[in-house]
1. Say we look at the range 334-355 and pick out the residues that are over 13 Å from residue 315 (Cα atoms) and either in a helix (DSSP H, G or I) or polar (S, T, N, Q) (or both); which of these is nearest to the chain's Cα centre (by Cα)?
2. Name the pairs: first residue in the range 245-264 and surrounded by fewer than 19 Cβ atoms within 10 Å (Cβ to Cβ) and at pLDDT below 75, second residue part of a strand (DSSP E or B) and among the hydroxyl-bearing types (Ser, Thr, Tyr), Cβ to Cβ under 8 Å, at least 6 apart or on different chains?
3. List pairs: first residue in the range 552-571 and not assigned by TED's automatic domain parsing to the domain that holds residue 233, second residue at pLDDT below 75 anywhere in the structure, Cβ distance under 6 angstrom, at least six positions apart or on different chains.
4. Those residues that are closer than 30 Å to residue 461 by Cβ and surrounded by fewer than 20 Cβ atoms within 10 Å (Cβ to Cβ), I need them from the range 474-496; list them, please.
5. Test each condition in (1) closer than 21 Å to residue 168 by Cβ; (2) hydrophobic (A, V, I, L, M, F, W, C); (3) at pLDDT 70 or above for residue 270 and report the one that comes out false.
6. Have a look at 205, 227 and point out the one that is at pLDDT below 85, in contact with an Asp or Glu (Cβ under 8 Å, 6 or more places away or on another chain) and crowded, with 23+ Cβ neighbours inside 10 Å.
7. Filter the range 52-72 down to the residues that are of a type in the set (A, V, I, L, M, F, W, C), touching a residue at least 40 places away in the same chain (Cβ under 8 Å) and farther than 14 Å from residue 119 by Cα and list them by number.
Amino acid sequence: MALGRKNTPKGKGERTPSFRTFWLVMIDAVLAWTAMLMSVRWRHDVAGTSVQADIDYKSAFVAGAVTIITWYVMRQDRAIWRFTSLSDFRRLGSGVLIVMLIVPLVLFLGFDRGAFFPRGAPVAAAVLLFGFILVSRLIVMVVQNGDFRALWRAPSLNAQDAVLVGNASHLYNYLRDTSRRESAEGFNPVGLIETSGQYGGRSIRSVPVLGTPEDLMEIYPPLNSRRDKPVHIISLDPTPDRAQTAQLIKIASQLGAPLGRAHKGASEPLTEFEAADLIGREPRHLDMVPVSDMISGRRVLITGAGGSIGSELSEQIARLAPSHLALVDISELNLFNLERRLSPMRPASEPAPWRTYLADVCSEGRMAEIFAAERPEIVLHAAALKHVPLGERNPVETLRTNVLGTSVTLDMCDLYGVEHFVLISTDKAVDPVNVMGASKRVVELLTLARQTQIPNMQASAVRFGNVLGSTGSVVTLFENQIADGGPVTVTHADMERYFMTVEEASSLVLQAAAIAAAEDERNGRNDSYVYVLEMGEPVNIGQLARNLIRLRGKVPGVDIPIRYTGLRAGEKLSETLTHGEESLTPTSVQGINRFDACVVDPETLLKQVDDLLAAMARRDRAHIKSALSAILAGFVPKDTLDGLPVMHDLPDLPEIERL
């Protein structure tokens with residue numbers, strides 16, 4: 001039995017000849033019939049004799065029949081014409097020679113010892129038939145692929161053997177492109193796994209299609225056992241199906257096979273699968289044209305510009321030709337790295353259209369200096385502390401950075417006439433149970449309330465879930481733990497989170513700002529909005545950990561142990577993106593929803609926030625708790641304050657200056 005075809009359903013990589021392959025073989029049989037007929041008649045014309053006993057038709061029919069039998073015996077029916085290679089032509093040439101050797105033998109044994117059959121006819125017919133076959137394949141290749149230059153593929157002595165996984169077009173393109181390299185840096189394909197299931201048992205550029213991904217468990221071990229080094233499994237689809245990716249990762253880990261993927265260009269190196277491949281949905285590619293219209297020629301300021309989201313925002317905006325870009329962050333290392341990241345985009349012989357500022361967003365004096373110098377028209381507020389357990393252990397500092405920093409930034413927006421303000425929020429602001437989430441819900445309400453006092457400024461907030469690879473991300477923690485050999489620590493088996501890539505999150509922020517600006521321009525007024533991205537189904541953290549282990553070629557629980565530690569302070573099993581009373585409506589951009597947020601009594605809320613800020617300035621923790629409870633009904637702050645005794649009253653402490 002051939003490899004990998006046990007109990008394979010019909011239509012999923014079947015071996016039996018299909019209707020289409022039958023007719024392709026029949027075309028070659030007709031070409032053989034024609035070539036032999038023309039050759040016999042041509043030889044008689046040259047000799048000046050007439051064709052006797054219908055030997056032209058007899059030999060032509062024999063040639064056609066022998067071609068059909070030979071093609072199936074040599075498995076020439078497997079080849080896909082538009083994916084033909086030089087190796088295929090060599091095999092076809094051998095087939096043509098075999099046919100032309102058998103035809104005279106059949107005529108001799110079955111048709112009056114081949115009387116009247118010219119001895120030179122097989123040679124002429126072989127040349128004609130091979131020419132017909134060559135032209136037919138080249139025509140199909142030109143029509144289907146637009147290219148027939150790369151007909152050869154030589155294996156590299158230094159390359160690793162590999163099984164390539166993808167649809168037929170991607171497989172062919174990779175084999176074609178690697179054949180053009182002077183020195184193959186890729187892989188020597190020993191077999192192909194075709195994902196559509198339409199080409200099982202055939203070949204692409206002479207490499208056999210062994211089956212579908214479901215067959216890998218049977219196909220891989222025999223291939224691997226015949227080689228000194230492990231056979232790699234390489235995915236070639238640039239945007240593979242998520243379920244297929246998860247399946248491929250699981251199979252590779254069970255087989256202990258190295259797993260990688262190829263970029264769109266064969267000249268680019270192969271890479272590992274990443275956590276972004278496991279978030280359970282395709283990342284959304286948003287329409288950046290309205291964003292460009294909003295940003296181009298405007299002055300933009302970003303707080304927290306050196307962080308995960310902020311740095312991606314900075315890079316995306318820098319590409320949209322703002323008149324100037326102000327980048328604010330409290331970390332000099334973050335700003336140093338950001339400057340290096342943006343340096344390739346700096347125009348030659350011109351000053352950079354951006355400037356970095358080392359600043360604490362809680363410092364009124366420093367922020368006033370920056371706003372006075374930059375006069376921004378658009379402000380994106382990304383500066384925040386966002387680590388939940390650290391926020392529980394350092395609640396006052398978390399509240400100070402998140403609430404006071406936002407308040408100061410809004411004050412500057414009011415003072416210096418900012419037109420658009422976008423707050424970056426989080427799903428943890430929905431029904432918060434921790435200080436970080438509470439602080440973000442407070443600043444959402446603060447932003448909405450302050451917008452009523454600043455009629456010339458459009459304000460909006462953007463909520464999204466966890467960002468893959470961001471500072472403090474669980475994915476980064478898992479990656480480090482896997483690199484150290486484990487154990488991978490998961491808080492709870494049922495914990496779920498929404499995930500998105502940093503590029504997707506940053507695009508969402510910009511898209512939301514553009515949508516809000518466009519709608520306000522149409523309505524002739526500035527309204528407040530909270531935007532939410534459709535994020536699909538949440539990802540189980542335990543399953544994410546197991547798949548990350550598999551991504552690195554390890555088996556969960558065998559090579560890398562998983563240990564469940566229990567929920568940490570302030571953590572929930574699952575997050576939601578909206579409150580119960582918030583009703584989402586779609587926007588003009590598919591995949592982005594919003595609700596028209598409002599604060600029933602802005603003046604009362606602003607007084608409550610001022611009360612909270614005053615309590616923080618005195619570090620009066622008892623008052624901080626009561627102020628938070630007043631703003632957020634149902635939120636109960638915990639008495640875990642920096643690991644120190646709860647300080648309910650500090651009458652002798654002077655008010656701390658806002659540094």
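1. Within the range 334-355, the match that is nearest to the chain's Cα centre (by Cα) is 334.
2. 263/271
3. 555/253; 560/554
4. First pass over the range 474-496, keeping only residues closer than 30 Å to residue 461 by Cβ: 474-478, 491-492, 494-496.
Residues satisfying the conditions are 476, 477, 491, 492, 494, 496.
5. All conditions pass for residue 270, except number (3).
6. After applying the criteria, what remains is 205.
7. 53, 62, 63, 66, 68, 71
Conditions tested, residue by residue: (1) buried (at least 18 other Cβ atoms within 10 Å of the Cβ); (2) modelled with pLDDT under 95; (3) of a type in the set (Lys, Arg); (4) over 24 Å from residue 466 (Cβ atoms).
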| residue | (1), (2), (3), (4) |
| --- | --- |
| 296 | no, yes, no, yes |
| 320 | yes, yes, no, yes |
| 337 | no, yes, no, no |
| 345 | no, yes, no, yes |
| 348 | no, yes, no, yes |
| 354 | yes, yes, no, yes |
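The values are calculated or read from the model by the stated rules, or taken from the named source; none is laboratory data. Keep in mind the model is a prediction, meaning the values are calculated, not measured. Methodologically, a virtual Cβ is constructed for each residue, glycine included, from the backbone with ideal geometry; neighbour enumeration extends over all protein chains shown.
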